[in-house]
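The structure appears right after this line, and notes come after that.
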Amino acid sequence: MALTLAEAAKLSNDTLRTGVIETVVKASPVLARLPFITVLGNGLTYNRENALASADFYDVGDTWTEGTPTFTQVTATLKILGGDADVDNFLAKTRGNLQDLLVTVVEQKAKAVAHTFEDVFLYGDSAGEQQAV
């Protein structure tokens, strides 16, 4: 029995995926340096510091006043950042003589993902629709 297409697919590398990952990392120095964690579930809850505990200078024998920090519990819901990158098969075959159209379109989409992530990571989203953690 010959090797089936499904079994052969298990043994081959997906070069498109590798190229996309490399493009995203090259296009985003922030993403290349961030440590990521695995989140199980549909969100991540963390404590955001509102105010620091107070500190002061005291003389010997003074009564010290307590100053405690305050926090707000925030939940960041997981979202998928991405987009659709389609190339018509006819165009890919007839117009791809100088440049592979699919590779070009996917590379541009990967750059857009990297730039969108950096924008939301650095500036946030006042609408609260996206939160970088």
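Here, each number is a calculation from the coordinates, and none is a lab measurement. Note that the structure is predicted; figures quoted are calculated from it, not measured. Glycine also receives a Cβ, built like all others from the backbone with ideal geometry; neighbour counts cover every protein chain displayed.
Can you list residues from other chains, or at least 5 along the same chain, whose modelled amide H is less than 5 Å from the amide H of GLY43? The answer is LEU78.
From least to most packed, judged by other beta carbons within 10 angstrom and beginning with the fewest, PHE117, PHE57, PHE71 follow the order PHE57, PHE71, PHE117. 3J(HN,Hα) couplings calculated from phi for segment 74-86 with the Karplus curve 6.51 cos²θ - 1.76 cosθ + 1.60 (θ = phi - 60°) are, in sequence order, 10, 10, 9, 7, 6, 9, 9, 9, x, x, 8, 10, 10 Hz; Gly and Pro show x.
Taken one residue at a time, the phi angles of segment 47-60 give Karplus couplings (6.51, -1.76, 1.60, θ = phi - 60°) of 9, 9, 6, 8, 9, 6, 5, 7, 9, 8, 9, 10, 7, 4 Hz. Gly and Pro are set to x.
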